[in-house]
Amino acid sequence: MLGLTAGPRTILCLGAHSDDIEIGCGATVLSLLEADPEVVVHWVVFSADERREAEARAAAGRILAGAAEAQVTIESFRDGFFPWDGPAIKERFETLKRAIDPDLIFTHYREDRHQDHRTVSELTWNTFRSHWVLEYEVPKYDGDLGRPNCYVPITEKQRSEKVDTLMDSFASQHDHMWFSRETFDGLMRVRGVECGAASGYAEAFHAYKWIVDSGTGA
């Protein structure tokens, strides 16, 4: 379980597309900000046209309202072409590395079947090699959710705020069969059952490396 009472002070959220971060870790970010109002968040979306940029900024504004400081960056790399635009995206990651040293990074699941998602995940690990990274999940047709090993129980209020933000902010996605309250609530309910969350809801992540500092200087 993520220790929210002594959690990270600087968070970097990375998403290939304009709704990915909200879907993958929106409620967890809300819980972190509720636990510590001094948290600073850097929120980077790598692909959005003009309409989806406006949607992304509106949604991020709602999720990050409780942050001490929030910087939202929206890039315009071509949707679906990230592996072939790799050098330019890698340069953007290098700029991020020079600018911030986050305590916690949220990024895509490395086994996600969407090529843009995988590219962002791979470059996250390639760039931030010694950081705490949690990979989030995005439900879709491919059926690639995997078996997460890190759970963050969330409150009913955080669940509702996440789903309301998604449905209110991303009108461009409403014609997609998978983009629905039932999808988002259902996945959080399953993850809540898996971790025994008191509220019945949780978000889940893939954590590949944990380093435990005992405080002995070993």
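The values are calculated or read from the model by the stated rules, or taken from the named source; none is laboratory data. Please read all numbers here as calculations on a predicted model, not as lab measurements. All Cβ positions, glycine included, derive from the backbone under ideal geometry; neighbour counts span all protein chains shown. Ligands, DNA and RNA are stripped out before the accessible areas are found, and what is left, the full protein with its side chains, is counted by its heavy atoms. Shrake-Rupley method; radii C 1.70, N 1.55, O 1.52, S 1.80 Å.
Things to note:
- Amide H within-cut-off set for Cys13, under 5 Å, with H built and near neighbours excluded: His42, Trp43, Val44, Phe106
- Dipole magnitude for the chain: about 400 debye, using +1 per Lys or Arg Cβ and -1 per Asp or Glu Cβ, origin at the Cα centre.
- Subtracting the Cα-Cα distance of Glu69 and Tyr208 from their residue separation scaled by 0.36 nm leaves 47.2 nm.
- Of the two radii for the chain, the radius of gyration is 0.94 times the Kirkwood radius, both from the alpha carbons; that is the Rg over Rh value.
- Residue among Ala27, Ala56, Ala207 with the largest mean-square fluctuation in a Gaussian network model of the chain, springs linking Cα atoms under 10 Å: Ala207
- Accessible-area composition of the chain, carbon plus sulfur, in percent [1.4 Å probe]: 50
- Met167, Met188, ranked by accessible area, largest first (probe 1.4 Å): Met167, Met188
- Highest mean first, the peptides 144-154, 100-110 sorted by other C-beta atoms within 10 Å per residue fall in the order 100-110, 144-154.
- Accessible area per residue for the chain is 47 Å², calculated with a 1.4 Å probe on protein heavy atoms, without ligands, DNA or RNA.
- Beta bridge orientation in the chain: antiparallel %, DSSP, nearest 5: 25
- In summary, the aspartates and glutamates within cross-link reach of Lys157, defined as a Cα separation below 12 angstrom excluding same-chain residues under 8 places away, comprise Glu34.
- Kirkwood hydrodynamic radius over Cα pairs of the stretch 73-160, then Stokes diffusion coefficient at 20 °C and 1.002 mPa s, in µm²/s: 148
- Using a cut-off of 26 Å between Cα atoms, the listed pairs Lys97/Lys209; Lys90/Lys162; Lys97/Lys140 include Lys90/Lys162; Lys97/Lys140 as exceeding that distance.
- Sorting Arg98, Arg51 on solvent-accessible area from highest to lowest, probe radius 1.4 Å, gives Arg98, Arg51.
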